[in-house]
1. With contacts defined as alpha carbon pairs under 8 Å and 6 or more residues apart, what's the relative contact order of the range B:250-408 in percent?
2. Using a 10 Å cut-off around each Cβ of peptide A:114-123, what is the average number of partner chain Cβ atoms that fall inside?
3. If you consider only alpha-carbon coordinates, what radius of gyration and Dmax does the range B:60-443 have, in Å?
4. Along each principal axis of its Cα atoms, how long is the protein assembly as shown end to end? Whole angstroms, biggest number first, please.
5. Assign one of three labels to the range B:226-325, namely rounded, prolate or oblate, based on the Cα gyration tensor with a ≥ b ≥ c the square roots of its eigenvalues; rounded applies when a/c is under 1.5, prolate when it is not and a/b is larger than b/c, and oblate otherwise.
6. Give me the base-10 log of I(q)/I(0) for the range B:40-95 at each q in 0.18, 0.22 Å⁻¹, Debye formula, one uniform scatterer per Cα, rounded to two decimals.
7. Go ahead and run the numbers for FRET between residue A:97 and residue B:328, Cβ-Cβ distance against an R0 of 25 Å, rounding to 0.05.
8. Taking a point 7 angstrom from the Cα of residue B:412 along the C-beta vector, which residues in the range B:53-81 have backbone N less than 11 Å away?
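What follows draws every value from the coordinates through simple rules; no lab data is involved. The structure displayed is predicted, hence computed values, not measured ones. FYI the Cβ positions are ideal-geometry reconstructions off the backbone, even for glycines, and counts take in every protein chain you see.
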């Protein structure tokens, strides 16, 4: 009996995940990056139609900002995983990481000079990233989930 | 209850992600990043490879290393020594009729930040030693005893605005600041100008001012000034509106300041000279970047009145640049190919026509070109002064290396050649904006006395 109590207490002794008021930090960061990446598709389309450099500059800053936020999100999620408090939510996490890696390529393509910074490769990558992110939009944007999630309750 | 719960199923193979990554990997395969033999791109008919665009633009910085006891290297029959050291980013040199040498010390306005890339570019230039403060002045060097070593050094003109070109017509000294041509009264033998300048005309300057140098050349009758005005971008990434009256050679009327576009489509015409035999205007120009280590060759060309040389829509005649939108087939159709390619990314910034005296006979007819050197090509290209022999008013052979050794075997830069001039004795002067020196190249043996 005493031994059982001890094992039950063990998780509480572990360091908590990086969270604020019960929300994982990465869970709050991820939606910002998603919004930026998807907005870049909109500004890419605007550039494609207008050839006004303002839209291309919007796109490259949006993707760059999305990458910075995504970097922080992935970092905090990894810390949570390494501390053993959380398990990866493979489906969402891999899709998100793929979108981030593609966006890294995309920011370089968008850093080219002139029209080919967007059309066709940049615009195509922005579209692929948008499709990837929309495919997991109902997930609640958590890259990890708690041990035994769904088993307790 | 816990916010840490979520509804994602533990495993779901992200097929879309895999497809996306595979597409990118295929797109990246097969990029040839190293440049070929530059000699294939020297002369009237340069080899032009297929255009390629990069994921990561190539950046190849040559970090500066002080000259110490080293000097540039010259072939047999020539000698080189420092005319002045400790200058502040000297960009161009100009010789006055009495033999005084003007050294223009400038480093351009601060570039704006429009994209994340501009932040990175700033760091790269800083590492390459190209971020010296803008001195905005002209220093005068006078060698009274003719021994090739100046014995007087004064601040000739101060508080300029990123100056580059200088031209003297009679007693009017014109300085091409980045945003205007200013006229100063000049008396023979003057070592310092205190008089306020008078603006002859505005030139395209800020707010972007991507290519800030304004080359200047007076017509031989003194009635006109020719100005090299560089583009406001690499390839219109700041919008075509920013290119108004840029990437062109202006002809400015000296009496009224009125101007017309003499020739256009020259991306960055950094040097203008009269070819002595034909009397024609010649220019050096820096071509576009980021479409390959061997594109587009920088060039030396005669400049025809009213001609269009391609930028931004095409290069070397009708080779289209897909980065420009909307395109202009009407302009591309009439684009002229330049006369003589200098090879890619050498960055010609100095241009002087041989005067036929002083230097050995093999240098009597032709053009000296100061190649500042590449920052985006492997292997590095330029970082030397070359001589293009002329005969009958046209280039007549391959470019020969005249002054080398700016780059050491470890690819560190002792210096980078910029503006050139021929002094009164026929010796070649070279501004070196990393070594902060002006070099003088003369015939080996006793220094010839000045004519007067």
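1. 18
2. 5
3. My reading of the Cα-based Rg and Dmax gives 19.3, 60 Å.
4. 112, 55, 47
5. Oblate.
6. The calculated log intensity ratios at q = 0.18, 0.22 Å⁻¹ are -1.01, -1.05.
7. 0.05
8. B:63-68
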